[in-house]
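The values are calculated or read from the model by the stated rules, or taken from the named source; none is laboratory data. The structure presented is a predicted model; accordingly, all values stated were derived computationally and were not measured. Neighbour counts are summed over all protein chains in view; Cβ atoms, including those assigned to glycine, are modelled from backbone coordinates with ideal geometry. Keep in mind that these areas ignore ligands, DNA and RNA; they rest on the heavy atoms of the full protein, side chains included. Shrake-Rupley method; radii C 1.70, N 1.55, O 1.52, S 1.80 Å.
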Amino acid sequence: MKIALITDGIWPYVMGGMQKHSYYLCKYLAQNKVNVDLIHFNRSKLDITELSVFSEEEKKYIHSIIVDFPGAGWFPGHYLKASYIHSKIIFETIKDQIHTYDFIYTKGFTGWYLMEQKAAKKINCAKIGVKFHGYEMFQKAPNYKILLQQRFLLRKPVVRLSKMADVVFSYGGKITDIIKEIGVDKQKIVVLPSGVEQDLLAPGIKATQKPIRFLYLGRYERRKGIEEINAAILKLGEGFSNFANFNFIGNIPQNKRLNLQHIHYHGEVRDKSILKDLIKQNDVLLCPSYSEGMPNVILEAMANGLTVIATDVGATNVLVNNQNGFLLQVGNSQQLIQTIKEICSLKPIDIDIKKTKSLELIKKDFVWQHLSEKLLKEIRKQV
């Protein structure tokens, strides 16, 4: 079998949840001896031609095709225009071999021009699947500017491409509801969660000790809720350092950092082993996002035995429940503060019970070695 995986980057050459998911897709398709044409680009100082994140055996099945993302301007809609141009360049790059693919898996807008060509009957090709991560443009916006971008720029092309695709991939939860609500035929929807690698699973939880260690993991982006976390920390006050410490992993701008002794900033971490060691030193993941897909940060935190505070958006409710964590209303800063206080008032054994439930759930349902079998089964149905 030969699959084209057309994506807006893979981890660690491009950072983000979509890119980490693309990395896993490529890795486990290759492990299942599926030939993959990986169409992607680089936004790092790493040598992308080496593909050092894959094993030598995996690389036997991966053909890397690098199509740089065009420069975007400053005007409204510049990203959308650049995405369309990028999709056209991708099509021109692969059109001569497009008949060789058994399935075409596209991420975001990367398959835009290709789907238009197929819809216009200008080409014949295999079925095309599309994944728009969490359909965030249909979730709550953190401010008016982003809301305008969602309503007047992003929603229309996303709906159009979702309806044109032969298959629409969903993580499940509220994402599936969104896909149905925008008019996609439910017969085209394939629900497949994301997961973690077997070797990322911690053998057990780290026993909780006071003060409780809270973690934010990810890049800075307004919709991720860092402002709400900062506001909560300031509201709780520096005296709260006796009860809680806060760690931030990610490229957080200096002007978004708090200069308090119980807060620690670790910067961006691309090395898997270093990241794993940093995560498991904590007790609670903070993920108060306004919109999400199925956050890798939650998966990775749970795989390392953390309990989770998350907003009930995207597919987070597939991962987080009252047994292993805390689900919050979107944008409710007071609820975030109260939940942090509640956790700090719990006995360590009660927190450990939630942490254990997190780890057990990941081991049972969200390991890529098993998820890849489900993915291949669904793809073979389309061939």
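What to note about this one:
- Mean sequence separation of contacting Cα pairs (under 8 Å, at least six apart), scaled by the length of region 125-238, corresponds to a relative contact order of 25 percent.
- Tail beyond 19 Å, pair distance distribution of region 312-373 (Cα, percent): 43
- Against the empirical 2.2 N^0.38 Å (N residues), region 91-155 has a Cα radius of gyration ratio of 1.42.
- For region 266-383: accessible area per residue (Å², 1.4 Å): 39
- Under the Debye formula (equal points on every Cα, no solvent term), log10 I(q)/I(0) of region 1-154 at q = 0.12, 0.13, 0.14, 0.18 Å⁻¹: -0.54, -0.63, -0.72, -1.14
- When the chain is treated as a Gaussian network with alpha carbon springs shorter than 10 Å, the biggest mean-square fluctuation among Thr316, Thr356, Thr93 belongs to Thr93.
- Overall Cα dimensions of region 212-280 - principal axes, largest extent first, Å: 34, 25, 17
- Compared with the rule-of-thumb size 2.2 N^0.38 Å for a compact globular protein, region 278-331 has a Cα radius of gyration ratio of 1.00.
- The chain - percent relative contact order, Cα under 8 Å, separation 6 or more: 16
- Each of Val297, Gln335, Ser372 was placed along the dipole of the chain (beta-carbon charges, centred on the mean Cα), and the one lying farthest toward the positive end is Gln335.
- Convex hull volume per residue for region 15-84, taking Cα atoms only, in Å³: 101
- Computed on region 208-249, with alpha-carbon pairs under 8 angstrom and 6+ residues apart, the relative contact order is 74 percent.
- On region 89-204, 52 percent of the accessible area sits on carbon and sulfur atoms, based on a 1.4 Å probe.
- Kirkwood Rh in Å, taken over all unlike Cα pairs in region 63-122: 12.5
- The base-10 log of I(q)/I(0) for region 121-260, evaluated at q = 0.17, 0.20 Å⁻¹, reads -1.08, -1.19 [Debye formula, identical scatterers on Cα atoms, solvent excluded].
- Dipole magnitude of the chain, debye to nearest 20 (Cβ charges: Lys/Arg +1, Asp/Glu -1, about Cα centre): 820
- Ellipsoid fit via the Cα gyration tensor, region 253-383: semi-axes of 28, 18, 16 Å, each the root of five times an eigenvalue, largest first.
- His63 long-range amide H proximity, modeled H, under 5 Å: Val36, Asp37, Leu38
- For Ile10, the residues whose modelled amide H falls within less than 5 Å of its own, excluding neighbours fewer than 5 places apart on the same chain, are Phe41.
- Phi angles of region 328-335 translate, via the Karplus equation with coefficients 6.51, -1.76, 1.60 and θ = phi - 60°, into HN-Hα couplings of 10, 6, 5, x, 9, 5, 5, 5 Hz per residue; Gly and Pro are given as x.
- Quotient of C-alpha Rg and 2.2 N^0.38 Å, computed over the chain: 0.99
- Computed FRET value (nearest 0.05) for Gln261 with Asp47, which takes r as the C-beta separation and R₀ as 30 Å: 0.15
- Span from the region 177-200 Cα centroid across to the region 302-329 one, whole angstrom: 18
- Ordering His99, His78, Gln150 by the projection of their Cα atoms onto the charge dipole of region 64-178, which places +1 on the Cβ of Lys and Arg and -1 on the Cβ of Asp and Glu, puts Gln150 at the extreme positive end.
- The modelled label-to-label distance for the pair Ile123/Ile85, using points 7 Å beyond Cα in the direction of Cβ, is 2.0 nm.
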